[in-house]
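Data block below; observations after.
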Amino acid sequence: NGLKKYFDVHGGFLSKKVGEVKAVDDVSFTVYEGEILGIVGESGCGKSTTGKSILRLIEPTEGEVKFEGRDVTKLSDEEMRKLRRDMQIIFQDPYASLNPRHNIERIISEPLLVHGIGTKEERRKKVAELLEVVGLSSYHANRYPHQFSGGQRQRIGIARALAVNPKLVICDEPVSALDVSVQSQILNLMEDLKDEFKLTYVFIAHDLSVVKHISDRVGVMYLGRMVELAGKDALYEEPKHPYTKALLSAVPVPDPDAKADRMILEGDVPSPSNPPSGCTFHTRCPECMDICKTERPALQDVGDDHFVACHLYN
Ligand code: SF4
Ligand code: MG
């Protein structure tokens, strides 16, 4: 609720603060128990920062993050440590997130050790179970990360996240680094595990096509703000925000007639350290009006829990 994360920018001879990057700038949304909420946007739009702020891997500058009614931003370190059992994260680059010097057993049992769960023997058994659950074999337990493919490493990352039976898993572009053929295997696995373990996912991706099949609702972020949030069908079939429309029409379509109304995004994403005034999308929006340059549109419900931040719908 009202989540903000500003990073200081330092520069010059004395490395003084020369500016601020508003990585997340007043973002509010709800994640319902048992759902998969997709969050999509180009790199630098603040989606990872939002995900990490939920777990307080990054301290938010402002705002609340309520998990089962408790504001996690106000918890002590000890309370937060306990709560981390319920909230886990799967990272984009499985290789970078697995310690190359540790074998798989040690990697997957790490969260159990941190939370003081089980005896050594119980942890070993749990690791063997988890390896099977993610489609690997318990005989892999003594191997090291470099002995696995990218897809297998992501399976290991998933097993590690599940070790403590979390309720919420932040999935930060878990398939972006993988080959397309492997992506769908991992997505299918994650969907199955979600049901089996009664999980809730916030699933971050830079591409709307990745989250299309698995999400219940999808939020679209642009320059640190949530610009549209709706049920999956509404978002893909009746997108309202010009940015969402542009993202959707950038997805290659096999039907040549459909190309007629393809909308190509012009220009680069502006620098988040110097975002445009008003609606931050106005520099690239084909429907920009005068008001867009000065007034920031609020995210509002335009009916049926379809939220959009755009003056066209005011
Ligand atoms: Fe485009 Fe204006 Fe809507 Fe922003 S508020 S998306 S500039 S029409
Ligand atoms: Mg990211």
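We did not get these values from a lab; they are worked out from the coordinates using the rules stated. Remember, it's a predicted structure, so these values are computed and weren't measured experimentally. Cβ placement follows ideal geometry from the backbone for every residue including glycine, while neighbour counts extend to all protein chains displayed.
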Mean Cα-pair separation over length for the stretch 145-252, i.e. relative contact order, pairs under 8 Å, 6 or more apart, %: 19 percent
Charge dipole (the chain, unit charges on Cβ, about Cα centre) - positive-most of V220, S76, S277: S76
Using alpha carbons only: equivalent-ellipsoid semi-axes of the stretch 174-314, gyration tensor based, whole Å: 28, 18, 15
Flagged links, alpha-carbon separation over 18 Å, of K74/K198; K167/K198; K22/K47; K4/K66; K4/K74; K82/K194: K74/K198; K82/K194
Cα centroid of the stretch 75-152 to Cα centroid of the stretch 221-247, whole Å: 35 Å
Relative contact order (%) - the stretch 1-143, alpha-carbon pairs under 8 angstrom, separation at least six: 17 percent
Value of relative contact order over the chain, rounded to a whole percent, pairs C-alpha under 8 Å and six or more apart: 20 percent
As computed over the stretch 142-182, the Cα convex hull volume per residue (Å³): 79 Å³
Cα shape, the stretch 23-83, gyration tensor, a/c 1.5 rule: oblate
Debye, to nearest 20: dipole size of the stretch 83-140, +1 on Lys, Arg Cβ, -1 on Asp, Glu Cβ: 200 debye
GNM flexibility winner over the chain from V210, V24, V302 (Cα, springs under 10 Å): V302
Choice from Y201, Y139, Y243 with maximal GNM fluctuation in the chain (Cα, 10 Å cutoff): Y139
Computed magnitude of the charge dipole of the stretch 125-165 (debye, nearest 20; Cβ of K, R +1, Cβ of D, E -1): 100 debye
Distribution of pairwise C-alpha distances over the stretch 170-244, 5 Å bins, in %: 3, 14, 25, 24, 18, 12, 3, 0
All Cα pairs of the chain, percent lying beyond 30 Å: 38 percent
Segments 231-239, 15-23 sorted - mean Cβ within 10 Å per residue, highest first: 231-239, 15-23
Considering only the chain, percent of DSSP beta bridges that pair antiparallel, nearest 5: 55 percent
Sequence ranges 147-156, 270-279, ranked by mean other-Cβ count within 10 angstrom, highest first: 147-156, 270-279
Size of electric dipole in the chain: Cβ of Lys, Arg +1 and of Asp, Glu -1, about Cα centre, debye, nearest 20: 1360 debye
Spatial extent of the stretch 116-241: Rg and Dmax, with the Cα atoms as the point set, Å: 16.7, 54
Cα Rg, Dmax (largest Cα-Cα span) when computed across the stretch 1-120, Å: 17.2, 54
